[in-house]
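Working notes for the structure below.
The values are calculated or read from the model by the stated rules, or taken from the named source; none is laboratory data. Just so you know, these numbers come straight off a predicted model, no measurement behind them. Reconstructed Cβ throughout: ideal geometry from the backbone, glycine too, with neighbour counts over all protein chains shown. These accessible areas exclude ligands, DNA and RNA; they are computed on the full protein's heavy atoms, side chains included. Shrake-Rupley method; radii C 1.70, N 1.55, O 1.52, S 1.80 Å.
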Amino acid sequence: MRKSRELRAAADRTDQIRPGDLLLFSTLRNEHVRLPYFLRYYRDLGINHFLMVDNDSTDGSDAFLADQPDVSLWRTGGSYKRSRFGVDWLNWLARKHAHGHWALTVDPDEFFLFPFCDTRPLRALTDWLDASSIRSFSAMLLDMYPKGSINAQPYLPGDNPLDIACWFDSGNYAIRRNHRFGNLWIQGGPRRRVFFSDLPEKAPALNKIPLVKWDRRYTYVSSTHMLLPRGLNLVYDEWGGEKASGILLHTKFLDTFTAKAAEELERRQHYSGSVEYKAYARTLEENPDLWCKWSEKYINWRQLEILGLMSKGNWA
């Protein structure tokens, strides 16, 4: 609630939100090049309203979002780090506007896939989750990357980033249980293989719970990795079966990333003294190619289900 005082409404259209609307929450900084495709993707998926926090962008992201008729925008010059990496801002907005709604929380470089997303809208999934009395839905973060240097092909506004970053690691994932919060902790993929090969335990977490039937009593604890109350983190079958799950295609590794990594390293607003961005900068200077002979080219969600990276569970 204290961090809510750092938010200044730039375009508050929340009076347009209707009961049952599907909401998307996101915080960003200098993502203007990504926003046209991001908005189009999620509109096509079925999102009715976007609630966005712009953290002091200098590239026109805030002006672009303020002009969108289905976006409510807040600006802040507050510390991303001291707001628990944006979570405090989004928790406040969700508490105020998302009670009783399905809320999807993603970054501008994340694209949500779920079973049958090629033939069914997001509302079909949320209707099934409601009918099954399921309040939260998980999606593993899957890092996508191009073949060859990430700087080789320019990414332009409106482009589908998967046309460039269409490769991923199909294996090399470690899973353990976080006994304090009850969620699964997943690490691996190219960031563990390339950037944290010497310190794999420091690799970024890939487990996320981005889709929640929100209640004002809920709160994200660390990004969308875990929530309170802890029961929301039980998005897996403890007895060896499979619960339905999705994927977040993570398109961070485009030609825009080198400059982004340098900026974030200078700002030092990320976790643990920006150790992740230090690893990015050091490794990409030596070799900006994440592709390897075991890389797999992305086709569709069914491919990811066959590989065991997502599951349709008992949703038929």
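Taking Lys and Arg as +1 and Asp and Glu as -1, the other residues whose beta-carbon sits under 11 Å from that of Pro200 total +2.
Over region 87-241, the pair-distance histogram of Cα-Cα distances with 5 Å bins from zero comes to 2, 8, 15, 18, 19, 17, 12, 7, 2, 0 percent, rounded to whole numbers.
Here region 6-98 is treated with +1 on each Lys and Arg Cβ and -1 on each Asp and Glu Cβ, and its dipole about the Cα centre works out to around 300 debye.
With only Lys, Arg, Asp and Glu charged, each at its Cβ (+1 for the first two, -1 for the last two), find how big the charge dipole of the chain is about the Cα centre; round to the nearest 20 debye.
My answer is approximately 1140 debye.
Reducing region 24-84 and region 85-100 to their Cα centroids gives an inter-centroid distance of 14 Å.
Cα-based values for region 4-44, radius of gyration first and Dmax second, are 12.6, 33 Å. Note on the chain: the alpha carbon radius of gyration divided by the globular reference 2.2 N^0.38 Å gives 0.95. With a simple spin-label model that places each label point 7 Å from the Cα along the Cα-to-Cβ direction, the separation between Asp15 and Lys202 comes to 5.1 nm. Pairs of Cα atoms nearer than 8 Å and 6+ residues apart set the relative contact order; for region 76-196 it is 15 percent. Only lysines eight or more places from Lys208 in sequence, or on another chain, were considered; those with a Cα closer than 24 Å are Lys3, Lys81, Lys96, Lys243, Lys252, Lys260, Lys278, Lys297, Lys312. The Cα trace of region 152-244 gives Rg and Dmax of 16.4, 46 Å, the first to one decimal, the second as a whole number.
In region 19-80, what is the volume of the convex hull around the alpha carbon atoms, normalised per residue and reported in Å³?
So the per-residue Cα hull volume is 80 Å³.
Which residue, chosen from Gln16, Ser132, Phe38, occupies the Cα position most advanced towards the positive end of the dipole of the chain, where the dipole is computed from +1 (Lys, Arg) and -1 (Asp, Glu) charges on Cβ about the Cα centre? My answer, from the dipole projection, is Ser132. Taking all protein chains into account, the per residue accessible area for the chain stands at 45 Å² (1.4 Å probe). Evaluated at q = 0.14, 0.22, 0.26 Å⁻¹, the base-10 log of the normalised Debye intensity for region 126-200, with identical point scatterers placed on the Cα atoms, takes the values -0.71, -1.03, -1.17. Using equal-weight Cα scatterers in the Debye expression, the normalised intensity of region 56-161 in log10 at q = 0.13, 0.15, 0.19 Å⁻¹ is -0.76, -1.00, -1.38. Positive-end ranking of Tyr80, Met144, Leu265 along the dipole of the chain, with charges on Cβ about the Cα centre, is headed by Tyr80. Using the Stokes-Einstein relation with a Kirkwood hydrodynamic radius computed over Cα pairs, the translational diffusion coefficient of region 1-114 at 25 °C and a viscosity of 0.890 mPa s comes to 175 µm²/s. Estimated at 0.36 nm per residue, the fully extended path between His179 and Lys278 surpasses their Cα-Cα distance by 32.7 nm. Just the protein heavy atoms count here, and of the accessible area of region 31-126 at 1.4 Å, carbon and sulfur take up 48 percent.
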